[in-house]
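The structure appears right after this line, and notes come after that.
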Amino acid sequence: MTDQVWIEAALSSARPQAVSALLRYFRDLDTAEEAYQEACLRALKSWPKNGPPRDPAAWLIFVGRNAGVDAVRRNKRLTALPDEEKLSDLDDAEASVVERLDGADYRDDILRLLFICCHPDLPATQQIALALRIVSGLSVRQIARAFLVSEAAMEQRITRAKGRIGGAGVPFETPGAVERAERLAAVAAMVYLVFNEGYSAEAAEARARAPLCEEAIRLGRLLIRLFPTEPEIMGLLALMLIQHARADARFGGDGNAILLEDQDRSLWKAPLISEGLALIDKAMRHRRPGAYQVQAAIAALHARAARPEDTDWPQIDLLYRSLEALQPSPVVTLNRAVAVSKIAGPAAALDLIEPLADRLSGYFYFFGVKGNLLMQLGRNAEARVAFDRAIALANTAAEAAHIRGHLDRLMADAGKASVQRGAS
Amino acid sequence: MLYAVLCYNDEAVTSAWSKQEDEMVMGRLMKVQEKVARQGRLGPVARLVPTTAATTLRKTRDEPIVIDGPFAETKEQLLGFYMVDMPSLDAALDFARELAAANPGVGSYEIRPVGYFAQNGIDT
């Protein structure tokens, strides 16, 4: 088993580097992918026999390049290159490829490949599908399963996406500093999108969609290896790790979502959290705050609290304030209101969210939070109105069930109250 | 003699393991250490978080500088270590051989005699 497991792991970890270098060489996504596939086939034959190459990515690039050239020539009815028996002895050639593709080249290649996947002409769902197919190398079937669509539909989505970027022109020149930063920001947003697709699934889908979170984390690790001193990339990876650490605690046996304060914290995965905390600590040292870092810092404060009552709400309030400054949004303010309710009480929080009513009139969580605050204030009739509205806006059965739980409690309280009144 | 058995591998490869593969490897390594633990020869064991989470403090003549990332950018990273009390280098090598057999893929184990060791105590 060990050969097989190791070779597969080596192939999948070398994939982004190999495909992106082949893309630079052939300047065509399909040719690059086919060349990579061919190189993998040859690796499966050659590696068990000849032992693992010193640098699997360089080996795959070298062999893939020859295979691709070979295919191009065959199509042109020209002479083929030497066969793979000769190619499998790559020692000298491999070393020179390694030299030429060192560091910076790899980095820009992979960034380009990821950047192509998040082309602004593509809708978010196509960006994600394309990245999972091309960069992560998931099969169409795996992606289709994660998106809960048929394989044929996913195949079509990916083909359409490829067609769109094929015509759009791919930037092959080495990016300047500003352009590199812009690409990195777009790529980070796309990786976060992949993560959210997995994270926002409800219980019934969570198992099928969990691979999306894992892939996003893997892409995050790839990015941070390429850009080890970018605090926002540290923040992004930290955020994903800490959120994903809670995966097992987020749903009950009945499939209902469990709120942060009700989760069994012993189910949180400590290794992921400690890695996330290390990254966010490191990022903060740079004193270049950004939205991912702030969100990760908020997640870190929750993760650091052994019990819900240990949560540092004043600090969370401050962090949401800085997020409001970085990325003003009524949703951020709504989140801050939860922190405010813990510090200054429900009335203060209600004051904070009242002005958001217009902009969040179609937002499930607005009415969920509002109902909750009203309930805490004992304004049960108004709370019921807010909860009814929330149920109407619920996107998933689990969301609706969660609010229904609140309504049931309100009804029970109302019942108790009238019994008490009757008795007195 | 106390030996530190330092585990090196390419992080890019180990982080490409799926959760199942990772658990399988850790399970196999656990079996190897249990044997040594029963003999009372096993000291602290640590698995390190990936080097992307590492920060390095480099001494300079003036103020030490703090940089992101591991001490050196190499092909293989230090992933963790075992402390074992072995009668000889050969015995320590045997232990490392068993670890290597339990662990798929490439990578290496460096065996270093421990010159100073303080048990101390941290609550985890």
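Coordinate-derived values only; no laboratory data. Note that this is a predicted model, so its numbers are computed, not measured. For neighbour counting, all protein chains shown are included, and Cβ atoms are generated from backbone atoms with ideal geometry for every residue, glycine included.
So the values come out like this:
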{"item": "Sites A:S200 and A:F172, calculated FRET efficiency, Cβ-Cβ separation with R0 30 Å, nearest 0.05", "result": "0.30"}
{"item": "Cα gyration tensor shape for segment B:2-113, rounded if a/c is under 1.5, else prolate or oblate", "result": "oblate"}
{"item": "Size-normalised alpha-carbon gyration radius of segment A:307-424, reference 2.2 N^0.38 Å", "result": "1.16"}
{"item": "Cα extents of segment A:295-373 along the three principal axes, largest first (Å)", "result": "36, 26, 20"}
{"item": "Per-residue Cβ neighbour rank within 10 angstrom, fewest leading, A:D55, B:D123, A:D105", "result": "B:D123, A:D105, A:D55"}
{"item": "Degrees separating the helix A:177-199 axis from the principal Cα axis of chain A, which is the longest one", "result": "60"}
{"item": "Segment B:43-95: radius of gyration and largest Cα-Cα distance (Dmax), Å", "result": "15.6, 44"}
{"item": "Ranked B:L79, A:L323, A:L260, criterion: other C-beta atoms within 10 Å, fewest first", "result": "A:L260, B:L79, A:L323"}
{"item": "Taking chain B and dividing mean pair separation by its residue count, relative contact order in percent (alpha carbons under 8 Å, at least six apart)", "result": "47"}
{"item": "The protein assembly as shown: proportion of alpha-carbon pairs further apart than 39 angstrom, %", "result": "37"}
{"item": "Quotient of C-alpha Rg and 2.2 N^0.38 Å, computed over segment A:239-385", "result": "1.10"}
{"item": "Per DSSP, loop trypsin sites (Lys or Arg not before Pro) in segment A:263-367 with at most 14 further Cβ within 10 Å", "result": "A:R287, A:R359"}
{"item": "Unsatisfied cross-links (Cα-Cα over 29 Å) in the set A:K162/B:K19; B:K31/B:K59; A:K342/B:K19; A:K282/A:K370; B:K19/B:K75; A:K269/B:K35", "result": "A:K162/B:K19; B:K31/B:K59; A:K342/B:K19; A:K282/A:K370"}
{"item": "Whole-number percent relative contact order across chain A, with pairs defined as alpha carbons under 8 Å at least 6 apart", "result": "9"}
{"item": "Acute angle (nearest 10 degrees) that the helix A:104-117 long axis makes with the longest principal axis of chain A, alpha-carbon atoms", "result": "60"}
{"item": "Per DSSP, loop trypsin sites (Lys or Arg not before Pro) in segment A:1-65 with at most 14 further Cβ within 10 Å", "result": "A:R27, A:R54"}
{"item": "On Cα atoms only, tilt of A:397-423 relative to the major axis of chain A in degrees", "result": "10"}
{"item": "Trypsin sites (Lys or Arg not before Pro) within segment B:61-124, DSSP loop, no more than 10 other Cβ atoms inside 10 Å", "result": "B:R61"}
{"item": "Sorted by Cβ neighbour density within 10 Å, fewest at the top, the residues A:T159, B:T55, A:T333", "result": "A:T159, B:T55, A:T333"}
